[in-house]
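Undergrad: Structure provided below as structure tokens; questions to follow.
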Amino acid sequence: MTERLRLTLRVDADGKPALGHGKIRLLEQLAETGSISAAGRAMGMSYRRTWLLVDSLNQMFREPLVVTRPGGGGGAFLTAEGEAVVRCYRDIEKQAAQASAVYLAELEKLLTSQAVECP
């Protein structure tokens, strides 16, 4: 992979964005911290935004990806399905990066020395 270019992957379901690097990173943070609020803080998101994303992921799949433990300080964890979704996404991402490396290198050669951002 090149230094300047990075391939990002988004998976759509029924024509709508379903999974991308942000939601997957949120699930990974949640697995690391065991907490929805801590995962959100680590990503600079409000608790409400974090909870809405977790809820949308839980409703998108047949089985919930995240389960909370009730009670004060109960925390949250990824289910087996949540772990499988993260693993599948990361495997797809790895395969796509390997398959596109030569093309990204070609694109990088075509870039100007200073990448220009659109206004």
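Each reported figure results from applying straightforward, stated rules to the coordinates on display, with no laboratory input. Because the structure is a prediction, the values reported are computed rather than measured. FYI the Cβ positions are ideal-geometry reconstructions off the backbone, even for glycines, and counts take in every protein chain you see.
Undergrad: Whats the longest run of the chain with zero trypsin sites (Lys or Arg not before Pro) that are DSSP loop and have at most 10 other Cβ atoms within 10 Å?
TA: Excluding the exposed sites themselves, the longest stretch runs over 63-119.
Undergrad: At 7 Å along Cα-to-Cβ for each site, give me the label-to-label distance between Leu7 and Ala80 in nm.
TA: Modelled inter-label distance: 3.1 nm.
Undergrad: Sticking with the crude label model, points 7 Å out along Cα→Cβ, report the distance from Thr33 to Asn58 in nm, one decimal please.
TA: For the pair Thr33/Asn58, the computed spacing is 1.7 nm.
Undergrad: A further question on this structure: Over segment 10-110, calculate the relative contact order: mean separation of alpha carbon pairs under 8 Å at least 6 apart, over the residue count, as a percent.
TA: Once divided by the residue count of segment 10-110, the mean separation gives 20 percent.
Undergrad: In addition: Pick out the long, greasy-scoring helices in the chain: whole DSSP H runs spanning 30 Å or more along their own axis by Cα, mean Kyte-Doolittle at least -1.0.
TA: 80-110
Undergrad: In a Debye calculation with equal point scatterers on the alpha-carbon sites of the chain and no solvent, what is log10 I(q)/I(0) at q = 0.13, 0.19, 0.21, 0.23 Å⁻¹?
TA: Result of the Debye calculation: -0.63, -1.02, -1.13, -1.26.
Undergrad: 222 nm [θ] for the chain, helices only, -39500 (n - 2.57) per DSSP H run of 4+, per residue, to 500?
TA: -18000 deg cm²/dmol
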